[in-house]
Amino acid sequence: MTEPQTIRCRVVKIIAKRLGLDPTQITENQTLYTLGVDDLTKIEIGLDLEDHFDGEAPDEMHEACKCVGDFVRLAETLVAEPVS
């Protein structure tokens with residue numbers, strides 16, 4: 001599995017765990033709205049990703065997340081720019 005696929009899988013698992021869903025039910029194109037994600041849950045998912053990938057993303061990146069793929073890109077940023 002390549003690095004982007006690994007990151008994607010981890011993000012989907014984190015979101016699935018937070019929402020109590022089967023990861024196979026989640027696709028990268030799904031909007032947070034269709035998954036039933038409210039503003040608080042969106043923040044919690046972002047914080048879960050920061051904890052898991054040991055990084056910190058600007059608030060603007062969290063606010064811009066509208067679909068699962070946006071969270072994947074956020075995680076890729078966390079991996080690419082680790083906290084020093």
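Quick one: in the stretch 25-44, which of the residues that are of a type in the set (A, V, I, L, M, F, W, C) and closer than 13 Å to Lys66 by Cα is surrounded by the fewest Cβ atoms within 10 Å (Cβ to Cβ)?
Looking at residues that are of a type in the set (A, V, I, L, M, F, W, C) and closer than 13 Å to Lys66 by Cα, I get Ile43.
Check the stretch 15-24 and report whether any residue there is surrounded by 12 or more Cβ atoms within 10 Å (Cβ to Cβ) and touching a Pro at 6+ places or on another chain (Cβ under 6 Å).
yes
Applying the selection to the stretch 34-84, what residues are modelled with pLDDT of 95 or more and hydroxyl-bearing (Ser, Thr, Tyr)?
Within the stretch 34-84, Thr34, Thr41 meet the criteria.
Could you give me the residue pairs with C-beta distances under 8 Å whose first residue belongs to the stretch 41-52 and is free of Cβ contacts under 8 Å to residues at least 40 places away in the same chain, whose second residue is among the small types (Gly, Ala, Ser) and assigned to a helix (DSSP H, G or I) wherever it lies, and which are 6+ apart or on separate chains?
These pairs meet every condition: Leu49/Ala75.
The values are calculated or read from the model by the stated rules, or taken from the named source; none is laboratory data. For clarity, every value in this text was computed on a predicted model and none was experimentally measured. Positions of Cβ are backbone-derived with ideal geometry, glycine not excepted, and every protein chain shown enters the neighbour counts.
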